[in-house]
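Heads up, the thing below is written out as structure tokens.
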Amino acid sequence: MRRKFSVRLLLAGAAVAIGGPAIAQSCVQSNERTAFELRALQSQLMVAAITCQRDSDYNAFVRKFQGELGGAYNTIRAHYRRTQGAQGQRALDGYITLLANEQSQDGIRQGSRFCQNITPLFQVALAQSSASSLVDISLERNVLNPVTDTACPERATPATSPTRRAANTRSAAVARNR
């Protein structure tokens with residue numbers, strides 16, 4: 001009886017030791033969250049382009065934000081590599097498929113109103129000048145995004161200098177530079 005207990009305890013400890021890092025790694029870092037939101041907006045516009053025959057609007061969006069969209073994709077790929085290891089590419093493919101399918105199903109639920117509801121999003125997105133403003137739009141418009149992983153805890157950043165703290169307001173920074 002005692003031997004069975006100690007084997008179980010050893011196995012439980014090994015599971016925690018192995019599973020602990022994996023659990024910690026499944027969180028989403030802030031730059032990854034930004035990339036997921038940008039990818040969700042791109043996917044929503046892609047579904048709208050296909051459903052509503054707005055190919056030229058989608059192509060204009062992709063051309064304008066090609067660098068940002070590519071960077072977001074690479075960040076998401078790195079997230080899945082970090083959290084899924086050897087299965088990272090499969091997890092990435094699954095996410096992209098799930099995202100498009102869920103957004104397509106949302107369009108189906110909206111029925112004939114979908115194109116009317118989504119078409120203005122092209123003009124809003126094309127009027128932006130940065131990836132961060134696109135992410136803001138994705139969040140404001142509640143663009144469907146199935147990523148539910150929790151946010152990683154913020155890491156404490158060391159002070160830039162032991163004797164000088166960073167300015168926390170614009171006026172403090174101006175005063176410091178005088």
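The values are calculated or read from the model by the stated rules, or taken from the named source; none is laboratory data. Nothing here was measured: the structure is a model prediction, and the numbers come from that model. Cβ: placed from backbone, ideal geometry, glycine included. Neighbour counts: every protein chain shown. Remember, those area values only see protein heavy atoms, side chains included, never the ligands or the DNA or RNA. Shrake-Rupley method; radii C 1.70, N 1.55, O 1.52, S 1.80 Å.
Against the numbered list (1) at pLDDT 95 or above; (2) open to solvent by less than 40 Å² (accessible area, probe 1.4 Å), residue 63 comes up short only at (2). Within segment 106-120, residues that are among the aliphatic types (A, V, I, L, M) have Cβ atoms under 6 Å from residues that are part of a helix (DSSP H, G or I) in these pairs: 118/48, counting only partners at least 6 apart in sequence or on another chain.
Among the numbered conditions (1) open to solvent by 70 Å² or more (accessible area, probe 1.4 Å); (2) of a type outside the set (D, E, K, R); (3) without any contact (Cβ under 8 Å) to a residue 40 or more places away in the chain, the only one that residue 88 does not meet is (1).
Name the residues in segment 101-110 that are open to solvent by 40 Å² or more (accessible area, probe 1.4 Å) and not basic (Lys, Arg), would you? Result: 101, 102, 104, 105, 106, 108, 110. If the condition is being in contact with a helix residue (DSSP H, G or I) (Cβ under 8 Å, 6 or more places away or on another chain), within 16 Å of residue 50 (Cβ to Cβ) and not β-branched (Val, Ile, Thr), then segment 89-105 contributes 99, 100, 103, 104.
Scanning segment 127-155 for residues that are assigned to a helix (DSSP H, G or I) and open to solvent by 50 Å² or more (accessible area, probe 1.4 Å) turns up 132, 136, 139, 140.
Scanning segment 38-49 for any residue that is open to solvent by 80 Å² or more (accessible area, probe 1.4 Å) and either more than 19 Å from residue 148 (Cβ to Cβ) or out of contact with any Asp or Glu (no Cβ under 9 Å at 6 or more places or on another chain) (or both) turns up nothing.
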